[in-house]
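FYI, it's all coordinate maths here, none of it is from the lab. Every value quoted in this text rests on a predicted model; they were computed, and no experiment measured them. No Cβ is skipped: glycine too gets one built from the backbone with ideal geometry, and neighbour counts run over all protein chains shown.
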Amino acid sequence: MMQHTKKDIRKAYNDKRLALTEEEWAILNMDLLLQFSNFALEGIQYLHIFLPILSRKEVDTFLLAVWIREHYPTIQLVTSQSNFETNDMRHVIWYDDAVLQENAYGIPEPVGGDDVNPLLIDAVLIPMLAFDENGHRVGYGKGMYDRFLSLCKPKVLKIGLSLFDSLPAPITDIYAGDISLDVAITPGSTYYFNSKS
């Protein structure tokens, strides 16, 4: 039986995601977009979105961005420029016509951009490898999103995106600095964890 420490989950779910065929990955992303399209974004002015490392078969948030821009044109999409030496992120408006350039880790990032204070952000779409029924997530292990979320306003809506449903058992090694999700959206379900969502 698989252990439910973050390290074990990280390896298992990274392998599981990389094992998807291109067709399976594309279908899961279309199903996730359908699930996402049922989630209300009214009242959100600044929405932080991660841009996917496609070689790692992350959730294709480019699809979500197109849908958001079409259905919620007043929402400002914000994304990050990562500094892996400090494990920090700079947050900028992602304009539709922005030039994107992959960083050293294969993450697309806008070149330049207007800074956004994390306290202005109303909701954050969060990358993850897996999550449990308590809203705890497993990312890549650098803690960048936990640090970022701690700088946002207390009521920021934390929405995790995953190609897979909830883990069958709780994650066993949760730390004080781990910030749990309010919502997780997968191709088959939307999970709600905290009362504010």
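Below, the figures for the structure above:
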item: Label point distance in nm, F39-L63, each placed 7 Å from Cα along Cα→Cβ; result: 1.4
item: Trypsin sites (Lys or Arg not before Pro) within the stretch 121-197, DSSP loop, no more than 13 other Cβ atoms inside 10 Å; result: K142, K155, K196
item: Loop chymotrypsin sites (Phe, Trp or Tyr not before Pro), the stretch 110-197 (other Cβ atoms within 10 Å of the site Cβ: 10 or fewer; DSSP); result: Y175
item: Cα gyration tensor shape of the stretch 10-98, rounded if a/c is under 1.5, else prolate or oblate by comparing a/b with b/c; result: oblate
item: Cα-based convex hull volume of the chain per residue, rounded to whole Å³; result: 123
item: Label-point separation in nm, T74 to Y105, each point 7 Å along Cα→Cβ; result: 3.5
item: Neighbourhood net charge (15 Å Cβ-Cβ; Lys/Arg +1, Asp/Glu -1) for A12; result: +4
item: Taking the convex hull of Cα positions in the stretch 75-150, its mean projected area over all directions (nm²); result: 5.9
item: Cα centroid of the stretch 1-50 to Cα centroid of the stretch 134-157, whole Å; result: 16
item: Sum of -39500 (n - 2.57) over DSSP H runs of 4+, divided by residues of the chain (222 nm, nearest 500); result: -7500 deg cm²/dmol
